[in-house]
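*Asks:* Questions regarding the structure given below will be posed in turn.
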Amino acid sequence: MKEIKQFRASTPAITREAEESARARLLHEIHTPPAPARRRLPRLAWRVALVGAFSVVIGVGAVRLQAPPMAPVASVQELSERAAEAAEARGGMKPSPGQWLYVREKLAAPGDGFGVNLDERTTSEQWTSVDGKQTAWYQPSGELLVQGTHPGISAADLAEPPVTPQELLGRIDKVTTESMAGWFNSDGSPHEESREQRLFQAIYQLMGEQALNPEVRAALFRALPLIEGVAVRPDTVDAEGRHGVAFSYTNDWTRYELILSPDDFRYLGTYGVTVTDHTIRYTDSGPVFVPAGTPLVLSAQLETHLVDKAGQRP
């Protein structure tokens, strides 16, 4: 763990999907008896793919475990407006300075090679400071690891007026463009991704990790249709088996989904999958072939609470 901390201290803040994957794999190893030695495929350096956690801060308490019949949504614009209006009507948490947002999730466990195992589940806990600048979780050793957050813009930054979809996209674009400088792919080449991909990644990560006020959350929902390539998927399932409606974004080889409840548009979970065959090339090992249809992440948010310090459980 000392080596991991040293490595992370010298690199840009990693994304939420990478953190989920790492925590899930560690939890899986803790609770799984040792197996006979076998060759495992190297894991993807997450900086080559669209990443993030499709999630929305849902307020204090547990989410509903039963979803009502699907409410039809004709377009991404309609889903955006319904979700924004629901966020405004619902209101939000009222954090005090110095508090942290606690989030507990269920995740599909890491697979033997690349991606996740849809037949196994694990849980994760994460804390994010309400100023949006730090995130924390427990390591297997019991040590609480605290680090900076991605994409480098906080809830307070987003709440500065004017709070409009266009204004927030501009702020996020500026910060993510600067933060991506110096990132590299697994083959050593400079990492490049589209503006649309960066914006979508940042929005769902902000929604999932930070205690956003209702005005900001609604503006982010209304910003999603302004990003080319964002679509709606009318029926998808989270890690708890709950059906929902989702915003989705597809790049050249992956698709990720932000799943919302079909009745009140609260967050349910996330799903990510490869949509075409893809080969990952590493500088220190052989290529890894990833077939289309490989699940990358499956999650379900179980509860969120405001707490007074990182590591505190409600």
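Nothing in this text is a laboratory measurement; each read-out follows from the coordinates by a stated rule. Model, not experiment: these values are computed from the prediction.
*Asks:* Using the Karplus curve 6.51 cos²θ - 1.76 cosθ + 1.60 with θ = phi - 60°, work out ³J(HN,Hα) for each residue of region 203-209 in order, rounded to whole Hz, and write x for Gly and Pro.
*Replies:* 5, 6, 6, 4, 5, x, 10
*Asks:* Under the Karplus relation 6.51 cos²θ - 1.76 cosθ + 1.60, θ = phi - 60°, what is the ordered set of whole-Hz ³J(HN,Hα) values for region 127-141, x standing for Gly and Pro?
*Replies:* 10, 10, 4, 5, 7, x, 9, 9, 10, 8, 7, 7, 8, x, 6
*Asks:* Residues with amide H under 5 Å of E120's amide H, sequence separation 5 or more or different chain, H placed in the peptide plane at 1.01 Å from N; which?
*Replies:* A109
*Asks:* According to the square roots a ≥ b ≥ c of the eigenvalues of the Cα gyration tensor, what is the shape class of region 208-303, taking rounded for a/c under 1.5, prolate for a/b larger than b/c otherwise, and oblate for the remainder?
*Replies:* Judged from the Cα gyration tensor, region 208-303 comes out prolate (a/c at least 1.5, a/b above b/c).
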